[in-house]
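Everything below concerns the one structure shown next.
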Amino acid sequence: MDDGERWLAEFFPPPIIGDWADGAIRVASLSPGDGWVEWPRGIRPDQATTRQFGHRFHEAVANGLALEAASADVFVCPYLHPDRRRKGQATRRRHIHADVDGPLDLEQTRALGAFAVASGTKTAEGPHGHVYVRLDAEVDAHMHHALCVGLGRLVGGAAWDSSKASDEDVLRPVGTLNYKHDPPARVRWLIEPDEPSVYTWPVLDLMHRLGIRWDDVESDRERSQRARRSWGTEPFFDAHRRDVLLAQIANAPETTRNTTLYGLSKDTWRGWLRRAPGKREKAAEIVTRLVAAAGVAGLSPSEAETTVLSAQRAVIEEEELA
């Protein structure tokens, strides 16, 4: 089993194979020619696929990702989703993750019992990367979010990408390439999942270790419920929404601003679609406002427009599949 297969096997282990209800592995790619592209069907570990590949399922998927990575950045969500990649909709959450846009403290990561991946960016102080912790039980979306926030603050500090704390996030899988660099940098293991230091955490113990209180989990649940109730009752793209979006993009590390814009644009389009048709601004107005906010935050208009329109297409596909 090579490094890419090992990454896939960690998050999508053999017991799920053949269980259609668990959903699909969600993949996206980014290339100069096509921009951001979500694979609409994903990769389903269903009965037809496993009959075709059998125990070589992970090998076949890793080979497919490597083929795509020959010309594009490749991203995979480490949580299965049934029909589309959407916050709170993962079918299993047996890990938490943190994306750190600064040198990883590997000693601290090992002490936590976590494993880690070098995302391809490196400074003199060391590689940037992703930190993962394995859980002994599945958790709901609110607990998962609270634990991801706690992990990010602990292992990343100011370098933690706070936009990556949900079950819809995509991260670079091991065995692919990071095209932000010339030559492209390989995404590789820093701490492998089978190293002796890696630990499967009981959820309550991990809450204590990360300083997560039950109040934090309940507060996240209440915020989510309030947000769902508010759709369609407030001015949709008002000055407050614009300023919040602009701040989130501007505060993101420069290398992740486009990814941050994509996630924020998807949230914006989802909210726009949920409004009554008579209350919606024209789609072109939403594009203009998103691109303008991104421009103020430092992204080029052409790059921002490509990202905003890619997010629009992805959300429309989600709604058509719903």
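Where a number appears in this text, it was derived from the coordinates with a stated rule and is not lab data. Note that the structure is predicted; figures quoted are calculated from it, not measured. In this analysis, Cβ positions are derived from the backbone assuming ideal geometry, glycine residues included, and neighbour counts consider all displayed protein chains.
Relative to the present Cα-Cα distance, how much length would full extension add between Thr256 and Arg275 at 0.36 nm per residue of separation? The partial results should precede the final answer.
On the way: separation 19, 0.36 × 19 = 6.84 nm, distance 2.94 nm.
So the extension gain works out to 3.9 nm.
Please give the length that would be gained between Trp214 and Arg44 if that part of the chain were fully extended, namely 0.36 nm times their separation in residues minus their C-alpha to C-alpha distance (nm, one decimal).
Working: separation 170, 0.36 × 170 = 61.20 nm, distance 3.47 nm.
Extending this stretch completely gives an extra 57.7 nm.
By how many nm would the segment from Asn63 to Thr91 grow when fully extended, if each residue of separation counts as 0.36 nm and the alpha-carbon distance is taken off?
7.6 nm
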For segment 84-127, list residues with backbone N below 14 Å from a point placed 7 Å from the Cα of Asp136 toward its Cβ? none
